[in-house]
Amino acid sequence: MKIAPYQIDQYIKNIASAKIAGALIFGPEESIISHNIQTIAKKITPDLTDPFLVTHLSKDRFAQDNSCLADEFYSMSMLGGRKLIMIKDPDATATASLKSLLADKDSVAKSENFILVQAGDLDKSSSLRKAAEEYNSFAAIACYEDDERTTKNFIENELRKNEVDPQPDCIQHLFDKLGKNRQIIANEIYKIATYLDGADIEPDLIDRAIGDQAAISTNEFINNFVIKNYAIADEQSKYLLKNGFDSITLIRFLANYLQKLYQAKTATDIANIDFEVAIKNQKLFFKVEAEFRRHLKLITLEHLKSWLQGLQNLEIKIKTTSTINQKLLFAIFLQDSLK
């Protein structure tokens, strides 16, 4: 059963009461997939550490026993409660097991347990995606990049969920500050609500509550990348990837900054536009202007072209490769770029 993009948030909100056997969460946007997986999992089983209620089925488990999915789905917890069966990046054996289970509609309807499948970007020919979309007892939820309106709606809903009255100027401030990563937004709004403790939200209180740690960390990584300080840039990228940023988000942060450098460099070197005017035209946040000015003097157009092409290739690799660790791909890109 395909869930339309405009229905997804509301559907997930009420998914625990839906008469379905489970859901497939897939797409190119890791941060949204991760957020939706966590949200759905907690709605089915609030305590995700409970070994009696939560089961993770690996590829090795399917290889040893291709009936393991049916066994888990039709079993009952020793202590009662709805069981959650989680599968990440299922292979052909797991997909076949899921299709076989869903085909027996009458039996599937008798179990209250829930299968939650996480996958990457699947094209329309994918047998896993086809199965999820074909059966009404299973939800297929695609995760694509949020546009600005969707992100602001998400910010507003998260504020309300944390009992903070959403003010338009604060929603815009949070959007500018946090970007589009849902997991980061949710985590930071929780911090803000705790800090406010019932007080009215204001932009300066937002800054006090969460500071500029994410921005500072990202800016430091970008700076060390541009000045070719590989060792520090590598460590900082690992820290960011471990603490809320997915690889695609970090790629786009870096690419956006390099694109601004490229535009300004083209303006000064080719169009003979005044150096300061070229910088002003990029509409930079004031805290990064000094570093941007230094980088613009330091980096050549050839380096910028090479890096932007490399980032584009890296994003394609990450979106199309499931067998190689994404953090490893990012580390290889850094090493190659900063030689």
Residues of segment 195-206 that turn out to be more than 14 Å from ILE155 (Cβ to Cβ) and in contact with a helix residue (DSSP H, G or I) (Cβ under 8 Å, 6 or more places away or on another chain), as a count: 5
State all residues of segment 19-51 that are out of contact with any Lys or Arg (no Cβ under 9 Å at 6 or more places or on another chain) and exposed (fewer than 14 other Cβ atoms within 10 Å of the Cβ); if no residue qualifies, say none. LYS19, LYS42, PRO46, ASP47, THR49, PRO51
Has segment 127-143 got any residue that is in a helix (DSSP H, G or I), touching a helix residue (DSSP H, G or I) at 6+ places or on another chain (Cβ under 9 Å), hydroxyl-bearing (Ser, Thr, Tyr) and outside the structural domain of LYS19 (by TED's automatic domain parsing)? no
Qualifying positions in segment 152-173 - modelled with pLDDT of 90 or more and within 22 Å of ASN219 (Cα to Cα): GLN172
Checking ASP165 against (1) under 25 Å from the mean Cα position of the chain (by Cα); (2) over 30 Å from THR55 (Cα atoms): exactly one of these is not met. Which one? (1)
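I'm trying to understand the selection: among the residues of segment 274-303, which are part of a loop (DSSP other than H, G, I, E, B) and not aliphatic (A, V, I, L, M)?
Result: ASP274, ASN281, GLN282, LYS283, PHE285, THR300.
Residue check: is ILE85 in contact with a helix residue (DSSP H, G or I) (Cβ under 7 Å, 6 or more places away or on another chain), surrounded by 15 or more Cβ atoms within 10 Å (Cβ to Cβ) and not in a loop (DSSP other than H, G, I, E, B)?
On the way: in contact with a helix residue (DSSP H, G or I) (Cβ under 7 Å, 6 or more places away or on another chain): yes; surrounded by 15 or more Cβ atoms within 10 Å (Cβ to Cβ): yes; not in a loop (DSSP other than H, G, I, E, B): yes.
Yes, satisfied.
The values are calculated or read from the model by the stated rules, or taken from the named source; none is laboratory data. Only a predicted model underlies this, so the values are computations on that prediction, with no experimental measurement involved. Positions of Cβ are generated from backbone atoms using ideal geometry, with glycine treated the same way; all protein chains shown enter the neighbour counts.
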